[in-house]
Each structure stands twice: as C-alpha cells, then as structure tokens.
Amino acid sequence: MLETLGHLPIGWLLIAPLAAAGFFAFYSGRTQIGALSIGSSISARLHSQPNYHGYFLTFCTVLPVAVVFGLYLLFADSFARGTLLSELPDYLTQRGEAQIAFFMDRVSEHAQAQTSAPTGNTLFDASVERFATLIGLARAVAFGSAIIAGTLGFRWGRKQLSRDFAARNYVERTITALLFICAAIAILTTIGIVLSLIFETVRFFSLPGGPGVFEFLFGTNWNAQTGQDFGAVPLFFGTLMIALLAMLVAVPVGLFSAIYLSEYASPKFRNWAKPALELLAGIPTVVYGFFAATLIAPLVRGSAQWINGLPFTPDTLLAAQPTSALAAGLVMGVMIIPFVSSLSDDVISAVPQVLRDGALAMGATRSEMIKQVVLPAAFPGIVAAILLAVSRAIGETMIVVMAAGGRALITLDPSSDITTVTYQIVSLLTGDTAFDSARTVSAFALGFVLFGITLLFNIIALRVVQRYREAYE
Amino acid sequence: MSEPHISPAITPAERLRRRRNAERRFKLYGQIAICTAIGFLAILLLSIGFKASSAFSRHMVELSLEQTEFSAASDVKVTDVNLAVRDRLLEIFPEAATDRAHRADLFAITTRLAVLPLRDRLRAKRDTSDMPVTARLALSDDLDLYLKNDIRRHQSAIIGDAGRLSRTESGLYRLTDAGPDGFVSFQDQVQAMQDAPQDILISLADAWFELREVSGAVLVLSHLAGPLPTLGEQSSAPISATYLNSLSENRRVSLRQIAILLHLLDRGDVSRRFNTSLFTNADSTYPELAGAAAALIGSLFTMLVTALFALPVGVLAAVYLEEFARKSRLTSIIEVNINNLAAVPSIIFGLLGAAVFLNAFGLPRSVPLVGGLVLGLLVLPTIIIASRAALRSVPPSVRDAALGLGASPTQTVFHHVLPLAAPGILTGAIIAMARALGETAPLLLIGMVAFISEVPSAPNDEATVLPVLIYKWFSGAERAWEPMTAAVIILLLTALVTMNLVAVILRRRFERRW
C-alpha cells in the first residue's frame, strides 16, 4: 500500500486536493454568510461582501495545507535517502559520497518510474522497494497532517465568520503580503545569484589543486579542460577584444542611425525603419551565431588569406582561422546596433526643442546644430548607452561560442581564433554533472568576474541616465 | 567645431558652400548607417532562407516490397524490414549480389533506421494481405545533397549510335562502336580534358559503366550498376557519356553510388518530396531522419513553465511596486535591483540554475521544468518593467473615481486598474516570452543539450528546445546539418515573428489613449 503510494506521480496528488479544498472552502464560506443574512438587505448588514468571507475561508484552509505540502517537498526526499542510507550494508556506505549519491539517484529514479522492471540486482531492487515505501510513508504522513491542518484551519475560519467580521480587511492584507512576496522574488534572484557565485568561487580558490586569486586574475596560461592552468588573462583579453570590435561596428552605425532617425527622417520613413532596426534586436543570438559561423567567418578567412597572399605582406601575417575574433565581433556589433540606436534615440529626443530652435535661429545648419548643440547636450546619455552596450557585448555568449573559437591566446590578429569568458563557462559546464572538480567550479569564478564587471557598467550607466534625465525634467 | 578658425582667404560664398557640403556629408553618413543596419538584416535573413530552402524537401527512394516477407505483422522488427528492403534492392541490382564492396555501396543508399515509419505502418495494419507494400525511404544525407546540388554539374552527350559489348578476363568490359568514326571525337575530348581530369560515366541501354580507358574505337569500361545488355551482340541503343565534373577524391559519394542513383532515377524510383520528418521526427544521429518535433514540444513545455511562473509573479510584483508600495528604502532597493537584473547577462542565470536548482535542490538535469524556471527568472524583470509601464499609463482619475465611490485600494486595483492595463501588460509579456523562446546559453548550462530521441510528454521529461537544437545541429559534422539547422532557424523565426505580430496587433487593437 505504502509502496504503491510511493510510486505514484506526485504533482497532481498535491495540486488536485489543494484546488478542491480551496473551492469547497470558498463556496461554503459564501453560502454560510449568505444564509446568515437571508431576509435582510445584505449590503446594509454585512461588514464584508459574501465573496470576501469565501476568500477568507479559502485562505484559512489552503494556506496550512500548502505549508504542509511545502515541508513535504523540502524534506521527504532527504528523509527517505537518510533512512535508506542507515539501512544499507556497510560495504556500500563506505564507498565515498559521490558513489552513494549516484546510487541514490538511480534508486530514486527507479522508484519514481511506475513501470520499472526489476533489474535483477537483489540489493538494488530491494533498495528501490524500500525507497518507494519510505516515500509512501512520507506521503501518507504529509496527507494525514494536511487533512488535519486543513480541517483545523477551516473550522477556525468558520468560527470567525459573522455579520460584523471584517473578512475583507484580512483578505486584502493577505493579498498585499502575497504581492510583496512576488516583488521580493526579484531580490531573492539577485541574492541567489550573488550567493551561489560567491560560494562556488570561494570553493574554487580553496580547492587543493586550485590556483590562488592572484594567479587566476593575472596568470596568462589558461588550460582548464585538461591541465590545471587557470590564468584567466587570455579570456579577459579575448572578451575585451571582441567587445571592442563589436563596438567599432555598433557605435558609429547605431549613433548615426539614431541621429538620422530623430533629426532628419520623415515620420513615414521613421515608422518604417525603426521597427526594422528593432527586428535586429529580436533575432535570437543563436541565429546570429549561425550567421557568423557560416557566412561571415569564411569571408573573414578568405580576406585574411588574400591579404597574406599579397606581394608586400609576409605569408604568415594573419592566422586566417576558420573561426575568428573578427567574425564574432562584426556580427555581435550588428546585434548591438539596435541597442545603441534606440537608447541614443531616447536621449537625443529628450534634448529640449528650445535648444534646437535656438541653434537654428542663430543660422546654424542642421548638422552644425546637431554637432554643436544636440550631441554635447546628449553626451552623458550617449555614454551611458554605450556602456550598457559594452556590458551587453561582454556577456554575449552564443555568437562567441559558435564563431570565435576556443584557443586561449593573447593576440591582436583579428583573424585568429580567440576565446572569451562566456565561451569558457559554456565549455566547462556543458555535459558535466560533478560539481567537485576544479574544472567545473572555475566556471563559477569566471561567472563571478563577468557578473561583477557587467553590474559595475550597468550601475554607472543607470546612474548617468538618471542624473541626465533629472537635468532636463 | 566644424570651422575652428576662419582664414581670411576664404570668401563668404566659399564658406557657405563648404558648410552646405558638410551638411550633405553628415546626412549621408546617417543614411549609410541605416542602410548598413538594414542591409545586414536583409543579408542575414536571405542567407539563412537560402540555406534552409533545400532542407524542406528531400529525396526518397520508392521500393515495392512483397508483404509475404514478414511473418507476424504485429511484431515486425527493423531488421525484418531491412532484410526485405535489401532483397528488393538486390532484385533491382542483381550484379551486386556477388561483390561485397558493391553490396556495401548499394545498401548504404539508405540508413538502417530509415525503415522506421514503414515498420510502424506495418505494425499498425494488422491484416497482412499479400498486397505489395510501397516502402518510401529517405536517401542517405550525402546522396540527398548530391541530388540537390552536384547533379546539376552533370553534362551528358551522345558519343556513339550503337555498340558491341564484350567481357575481358580481368572483369572489365570492352565497348566497340559500330559507327564509322569509332570514338575518335570522344577520345579527342577526353584528351583535351587531361589538364582538369574528371570522372566520366558511360551508359549503354540501362547499364552504367565507369570509363577506364579510351583507345581508338574501343572503350575499356568497368560495370557499376544496371542490367547489362547481351554480350557480343550489336545493341541498338545509343551510347552516351556523362561528365560528372568532379573527382572521387573530392566527393563524399562513390562513383558506384552515383550510378545506382542514376539508374534509380531512370526507373523513376527516386522522387523529391516535402520533408515531413522535419516536423514529425525527434532528433537522430542521421540528418535525413532527424526532425525538430521533440525540440518543438520541449520548447512548448518550457514556455508553459516560464509563463506559469513569470507571468503571475511579474504582474503581481509590478502591481505591488506601482500601486501599493510606499516610498521606502526597501522598495527603492527592489526597484534598482530589478533594473540591474534586467541587464545581467543571460548566462549568469544559467550558472544560477546549475548551482541552485541542480546542485542545491537536486532537481533533474535537462528537463523543461528547470529550464522554464531559469528562463522565468530571466524574463521576470522585463515583465515587471513592462507591466509597471502599463499600470502607470492608466490615469489617476480612474483610481480616484473608484476610491471615491468607496472601493478599497485592493478593489480599485483588481477591479479597475489591472483590467485597463491588461492589453499593455499582455503585450509586454508576449515580447518577454519571445525573448525566452530564443534564449540558448542558460539552457546549455542546465544540461538541455542532451541527445533526446523521444518526444517529451511532460515538463519533467528530458527534453531540448529549438534554439539549443540549432546549436547542436550546427555543431554536427555532416554537411547535411547546415541546411537542416537553417530550416529550424526558419521555424524559430516564424514562431517569434508570429508572437511579435500578435503583440503588435494587441497593442493596436486595445491600446487606449487617455
């Protein structure tokens, strides 16, 4: 009996009774208060409308049940694993943590699958059976306490209902609390990011074979896949180089597009060209990566080979690799164009019309007005836009993964393949489950650096934008 | 800045001309910039569309199998069907039966698993009437590509009216022309091509030969495929030569396979059809059998989880911040935090998912549930910001009116403000979901790159999503993956454009100007 219960899929078992109890409580609360006020004008006599009494009773019933289920979800698995572990024979438990965790994962997987045939390994099958029984036990306890908690809550709530009972106030307070929790999730995400990055980074630097902080930040040898060299300077270099190449494309094109669209273009052209530019922002980065690797990278390689073949250049001047920093940088620049242009467009449009009119009235041409009045006035905002774009370029992943290559080199040759922080994070963490090797954990240290730098850029940029906005409002 | 100091030599008219030129140049820079950006967009879309176009169709070979080959229809195995297919191929190409290398070439025109749809069809229909079954099998990827691209380079010419075929001791064949001039002009042509050698196939009646040597009136040939005409007799069919314009070393398809293909084409057994398996099959190691169905469903489940998590939380958080929160330190921290979170690189969210959901909570890898939650956290700030903007655009008079009539703040928000802001919120939410649908990097870190050969049936089954499938197919070694990848990109872009169009239409239809 317990074993069958342990095998059942849990999702619906939790949600269905919760929903049923909620509906029941709502209708019973509403009818109860409705019955109280029969024969009189409801709105005149009741403090709160019948619906609010229903909601109140729903909260009284559902919240305790949800708490019980939450506790079950948190603790059931570790309870079953702990109990099973204490019952396993000694020769198994002495095998080391990783082995036991693997064994437990397989047991729990088999216990959850409803149609798993016995494997033939007696110990394993017995473990699966025992595990299912333990989970079943935990579920039985959870359902029992959920029923008790729900009933108690329901009965307590029913006792509160009366004509003068301020159900609405309680319901609204609960709703406000719920809203606050939702807003706090954003904070929790940040805390989760910061904590997990710090935790793993500290672990990385305290690993026995791991590097010191100084070696990580200033070492020039990176060979994390096979060796134990964790000098990340080539990664930082590659990231900055590709970001720089991207900005060389994105800043002039984006800025001039924004100027043209906001100062010269007819409304008709603007209505047509702006969405087209924004379309560039809506294309997934993996598509850009494909474009970079299949069309731009061969072009870059071909041109590099052509330059090598010129009579006055040495034959090995450029590396002419099939994947290159230039290909990734160019396409990343295209990706960032709409970013630069829409942000610059905003700040340029925010420059007061009076300044423009003044400049034109003094006899300036349009371009003189833009160069000498509008751009200086919009300068801080444009700098902020560029900073945001740089932070975007540094954090971009798929384009570099697909088109930049993976060799940790420090070279100024744009046709050479080069690696970045994001590329290394992906290649270190893809397809690996173990969180205990220096290799995997080093990805978190890289992530920490990446997070720190982009956060710095964002904070500065947001500050500048805010100041600037205040100056003109 | 444009005219730092004016030298006295310049006349006012000259100065005006320079200023006008500067004006024109400046405007031109702007036009060039816009054209560059839009040109890139056009090149990107065109190049991908062009690459994808060939993947939407594929070549299939049609064979009619005798049903009696299969004993129990309900339990047909892949091997049984394959045996039947091979028997049928050997019936068409009897010459392959004796030669191992020849047989290997012949059987390699389709992969073993190409019979899967046929097997399922056979299993489904219980009654094994002895009608022959038509097997429609996908050609192997290299042959398919050869038929799509390289076959256009073939050139054929008639080089003789009739010939007499005889066999030599070494297993080769000698073809002599009955015509007056033998193969003299053909020989001249072959000689002329000495600089750029290429493979030449000779066909006589239904048989295909490889040209080994030309010497005057005699061609030395080796037989590749197709039934031989009667030896020693004067055949009345014309002799034609097919120039392949390529050499075996540079091809991924053997000469014999080309001959087999040409013979099948002559028989009308090979046809180009719409590539349905792209939409119905799950991933496969063979490009010709692979499809995006599993990734499509995986994307659907992931988006479902994302929407179920991020929409309510995001909208409610926005309601709190915009309508309920008092100005306090905490709320201003939350606000700054949300703005910064929106600009955190997506890969950081992948690290968060790997460390928290996989490592700390012990959730399984590669499942849409975890992927959806990670993407939910990723788009949460976007949804909050869009929802706040929508809530802010509802004029305060609406709130004042509701409050003035005695509604509580909660009633005001949920009965009046939120419904009025709903179109704006929905528009923002759809755009955020479109971003989540195209996101790749964080999903790589939580293991959604695993090879999944089955369509997932629940959010906690192992699955992959469309963008990750693009990345995976892109990394595949075979040439055929490239058009397939482009085809999936077209699928993904279509979905994204549709979502964005819906958002635009919603905004146009329901937007209210107050």
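The values are calculated or read from the model by the stated rules, or taken from the named source; none is laboratory data. It should be emphasised that the depicted structure is a prediction, and the values quoted were computed from it without experimental measurement. In this analysis, Cβ positions are derived from the backbone assuming ideal geometry, glycine residues included, and neighbour counts consider all displayed protein chains.
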field: Those residues of the range A:54-85 which are over 25 Å from A:A111 (Cβ atoms) and in contact with a Phe, Trp or Tyr (Cβ under 7 Å, 6 or more places away or on another chain), in sequence order
entry: A:G54, A:Y55, A:F56, A:L57, A:T58, A:C60, A:T61
field: Residue list for the range A:130-165, restricted to those being surrounded by fewer than 17 Cβ atoms within 10 Å (Cβ to Cβ) and more than 23 Å from A:G22 (Cα to Cα)
entry: A:D164
query: Can you name the helices (runs of 4 or more DSSP H) wholly within the range A:293-376 that have at least 3 residues being under 21 Å from A:V401 (Cβ atoms)?
result: A:297-309, A:325-350
field: Qualifying residue in the range B:432-445 (condition: more than 30 Å from B:A282 (Cα to Cα) and not in a helix (DSSP H, G or I))
entry: no
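Are there any helices (runs of 4 or more DSSP H) wholly within the range A:153-259 with 1 or more residues that are under 30 Å from A:F24 (Cα atoms), and if so which?
Values: elements: A:167-206, A:213-218, A:233-259.
It comes to A:167-206.
Report whether or not A:F216 is surrounded by fewer than 22 Cβ atoms within 10 Å (Cβ to Cβ), in contact with a Phe, Trp or Tyr (Cβ under 6 Å, 6 or more places away or on another chain), touching a residue at least 60 places away in the same chain (Cβ under 8 Å) and not charged (D, E, K, R). Let's see the steps before the verdict.
On the way: surrounded by fewer than 22 Cβ atoms within 10 Å (Cβ to Cβ): yes; in contact with a Phe, Trp or Tyr (Cβ under 6 Å, 6 or more places away or on another chain): yes; touching a residue at least 60 places away in the same chain (Cβ under 8 Å): yes; not charged (D, E, K, R): yes.
Here the answer is yes, as A:F216 does meet what is asked.
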task: Go through (1) under 26 Å from B:V488 (Cβ atoms); (2) facing chain A (nearest Cβ under 8 Å); (3) crowded, with 20+ Cβ neighbours inside 10 Å one by one and return the number of the condition B:G298 breaks.
output: (2)
task: Take the residues in the range A:444-463 that are without any contact (Cβ under 8 Å) to a residue 24 or more places away in the chain and within 7 Å of another protein chain (Cβ to nearest Cβ), then tell me which one is surrounded by the fewest Cβ atoms within 10 Å (Cβ to Cβ).
output: A:I459
query: Just checking, how many residues over the range B:449-491 are at the interface with chain A (Cβ under 10 Å from one of its Cβ atoms) and either in a loop (DSSP other than H, G, I, E, B) or touching a strand residue (DSSP E or B) at 6+ places or on another chain (Cβ under 6 Å) (or both)?
result: 5
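How about the range A:112-146: which of its residues are at pLDDT 75 or above and small (G, A, S)?
Within the range A:112-146, the first condition is being at pLDDT 75 or above, and the residues that meet it are A:121-146.
Selection gives A:A126, A:S127, A:A132, A:G136, A:A138, A:A140, A:A142, A:G144, A:S145, A:A146.
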message: Can you pull out every residue in the range A:264-292 that is more than 8 Å from chain B (Cβ to nearest Cβ) and of a type outside the set (A, V, I, L, M)?
response: A:S266, A:P267, A:K268, A:F269, A:R270, A:N271, A:W272, A:K274, A:P275, A:E278
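Is it fair to say B:E323 is assigned to a helix (DSSP H, G or I), in contact (Cβ under 8 Å) with a residue 24 or more places away in the chain and among the acidic types (D, E)? Show your work before the answer.
On the way: assigned to a helix (DSSP H, G or I): yes; in contact (Cβ under 8 Å) with a residue 24 or more places away in the chain: yes; among the acidic types (D, E): yes.
Here the answer is yes, as B:E323 does meet what is asked.
In the range A:274-287, what residues are among the aliphatic types (A, V, I, L, M) and either under 13 Å from A:I337 (Cα atoms) or surrounded by fewer than 20 Cβ atoms within 10 Å (Cβ to Cβ) (or both)? Explain how you work it out, then say what you get.
As a first pass, look at the range A:274-287 and keep what is among the aliphatic types (A, V, I, L, M): A:276-277, A:279-281, A:283, A:286-287.
Within the range A:274-287, A:A276, A:L277, A:L279, A:L280, A:A281, A:I283 qualify.
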query: Looking at the range B:311-331, which of the residues that are within 20 Å of B:V379 (Cα to Cα) and more than 9 Å from chain A (Cβ to nearest Cβ) is modelled with the highest pLDDT?
result: B:L311
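Would you mind finding the one in B:N359, B:N339 that is at the interface with chain A (Cβ under 8 Å from one of its Cβ atoms), part of a helix (DSSP H, G or I), touching a residue at least 12 places away in the same chain (Cβ under 8 Å) and surrounded by fewer than 23 Cβ atoms within 10 Å (Cβ to Cβ)?
Values: B:N359 fails: touching a residue at least 12 places away in the same chain (Cβ under 8 Å).
Selected residue: B:N339, the only one of B:N359, B:N339 that is at the interface with chain A (Cβ under 8 Å from one of its Cβ atoms), part of a helix (DSSP H, G or I), touching a residue at least 12 places away in the same chain (Cβ under 8 Å) and surrounded by fewer than 23 Cβ atoms within 10 Å (Cβ to Cβ).
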